[in-house]
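Notes to accompany the following structure.
The values are calculated or read from the model by the stated rules, or taken from the named source; none is laboratory data. Because the structure is predicted, anything quoted here is derived from the model rather than measured. Ideal geometry is used to build each Cβ from the backbone, glycine not excepted, and the neighbour counts take in all protein chains shown.
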Amino acid sequence: MDDRRELRKMPRGERCPECGSRKWYLQDGLRYCARGHQIEGFIQFEVGGEEAMGRTGPVARRKKEVREVEKRQLTGQEGKSLYVEAVQLLLRKQLEFLVRKKGHRPELETVVRDLWDLRIRGYGASIHDYDISESEPETFSSQPVAADMQEKLSWKPASRVQSWDPARGNGWPLPRMPETIALCYLGCLLLKIPTRLADLQNWVSAGTMPYLRAYVELPVEMQKRMPSAYAKALKLPLAGGLKGHDLYQTLLDTVFSYKVNYEMTFPEMNWFPMLVQYTKELALPVEVISITKRLVAILDHCFEFPALKARTTPFDHPEMKLLAFLVVSTKLCFPLNHGQSVSLASPSLPIPRFDWEKWKTGYTEQLEKLRSQILERPLFEELTPEKITNLEDGEFDAFVSYLRDTIGNNTKDTITSFFPVELDSPPQPSFPEVIESQVEKEAYRVLAEAVKADNNTAPGAKRYESFRAIQDLSETANVLFNAAGDAAGVPLDMLVRATYKLEQHLIWWQWNQPVINSESIIYAGVN
């Protein structure tokens, strides 16, 4: 027994994994340390043959199987591809909403799919031409472009127009979240579907059109594999929402990028149904529509995106231009100051008197309240600890849901595993969607109270009020401009600048007329 317990010294660098002993002995073909712990990974075998009977061969170490540990979050090119797939999935959900829920034509899916193919065509080519496995996220790239593309971009130096050339390699700009809304709008534009940008924004704010919860609604596996930088980009809409100014700018940048990369232009929008919709929402008389059509024809304007311009203004956006025409026509028909009168020299078209005071009262008390329901959004990111403690039960539940969606719930804590969070049913809209019939009914009531027949209007032209900046707006003008801006989802200053520029166009046209005949609009002056 003592001979079999003969202790030997282990090779240099080896120890017993249990006790750290460096001495071992052999027993029954197995190796044990001096304290009796079996040492795995060693086998003893016979040399073989009768002449070698009883002799033992050398001890060999069994190689352990090397396991490849797969990273949870993808990096490099794989991470970029996963982000592009996530944006594409969001775009598909948005198209499904427009076609199935809003009744848009099925061809919209084909048109937007072709636009999307043009948008990411350079990305597919760059995968094979460049090794970017160690590259950093380039979601919003600002790297310099090639010389030939720089020449195309020279006409628009201050914009965010992007080159989609695959030769940019690591600098190829990945699509941003608001571009999905812009592509849906451009698809409707190509099919002449009268969908306003404000409609898309309102559906997003109401939570019915997929956008705000884009990251939360991704498959769980995609959320786990998404790189942190791209996951943050997908979560931003839930924290910041979709702002009208950014959406309008994104749309212009997308249109100009298609022009630069593919020499592609977009047709004039189907503006007349949009004009009727704006007039109904603002509770304005139907005469405004007729005057707007006459004004558009007189100035020979079209509602399409500009092709090449050194600098863009709010008036260059087709919808902003249409809204400016509507505001100017309203002020021509029904002056904001009822002590003045601007006439239209057309006896066949009697213009009623419009009571702006009653319109202001009805709009601010009813219509504005209804419209604000769809535009309101709780700013959870601005809450302080004191405000959080004072939240009501429903508001606190919404705040906790917001935190879960924003931060995520990927903890590995053992205790929390015993208290699983119940998965929500399909998310309900966070913001109540205003019923169109309710808005139309209230607008009709406001309009009926404000319009009055007046056959004693004194003929002749009076001065026309024009406002160059926000601080110049009168009380009535401030309500009208704010109402129009809310209907279009744009800031007040953008609408004021667009309207003022149209008024300058109108003055220039009037100065170039040799004689103002009886069928022309009287534009007597500007305050």
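For Tyr278, indicate whether it is hydroxyl-bearing (Ser, Thr, Tyr) and under 30 Å from Leu332 (Cα atoms). Taking the combined requirement at face value, the residue satisfies it. Of note, Leu295 does not satisfy the criterion of being at pLDDT below 90, out of contact with any Cys (no Cβ under 8 Å at 6 or more places or on another chain) and either crowded, with 17+ Cβ neighbours inside 10 Å or of a type outside the set (Lys, Arg) (or both). Taking the numbered list (1) of a type in the set (A, V, I, L, M, F, W, C); (2) at pLDDT below 95; (3) assigned by TED's automatic domain parsing to the domain that holds Ala206 in turn, Val59 passes all entries but (3). Of the residues making up region 243-263, those that are over 16 Å from the mean Cα position of the chain (by Cα) and either part of a helix (DSSP H, G or I) or outside the structural domain of Leu190 (by TED's automatic domain parsing) (or both) are Phe256, Ser257, Tyr258, Lys259, Val260, Asn261, Tyr262.
For region 200-221, the set of residues classified as assigned to a helix (DSSP H, G or I) and surrounded by fewer than 18 Cβ atoms within 10 Å (Cβ to Cβ) consists of Val220, Glu221, listed by residue number.
Arg213: of a type outside the set (Phe, Trp, Tyr) and modelled with pLDDT of 90 or more, yes or no? It is false that Arg213 is of a type outside the set (Phe, Trp, Tyr) and modelled with pLDDT of 90 or more.
So which of Ser135, Ser163 ends up being of a type in the set (Gly, Ala, Ser), in the same structural domain as Gly240 (by TED's automatic domain parsing), assigned to a loop (DSSP other than H, G, I, E, B) and at pLDDT 85 or above? Criteria check complete, one pass: Ser163. You will find that of Leu191, Leu197, the residue that is in contact (Cβ under 8 Å) with a residue 60 or more places away in the chain, over 22 Å from Arg121 (Cα atoms) and buried (at least 19 other Cβ atoms within 10 Å of the Cβ) is Leu197 and no other. Going by the structure shown, is Leu238 in a helix (DSSP H, G or I), hydrophobic (A, V, I, L, M, F, W, C) and within 23 Å of Met320 (Cα to Cα)? The answer is no for Leu238. Set side by side, the residues Lys358, Lys331, Lys309 differ, and just one is within 27 Å of the chain's Cα centre (by Cα) and either charged (D, E, K, R) or at pLDDT below 70 (or both), which is Lys309. None of Met274, Met269, Met320 is farther than 30 Å from Asp355 by Cβ and among the hydrophobic types (A, V, I, L, M, F, W, C) except Met269.
Candidates are the residues of region 222-235 that are of a type outside the set (Lys, Arg) and assigned to a helix (DSSP H, G or I); the one that is nearest to Cys184 (Cα to Cα) is Leu234. Total residues in region 20-50 satisfying the condition of being modelled with pLDDT under 75, among the aromatic types (Phe, Trp, Tyr) and surrounded by 13 or more Cβ atoms within 10 Å (Cβ to Cβ): the figure is 1.
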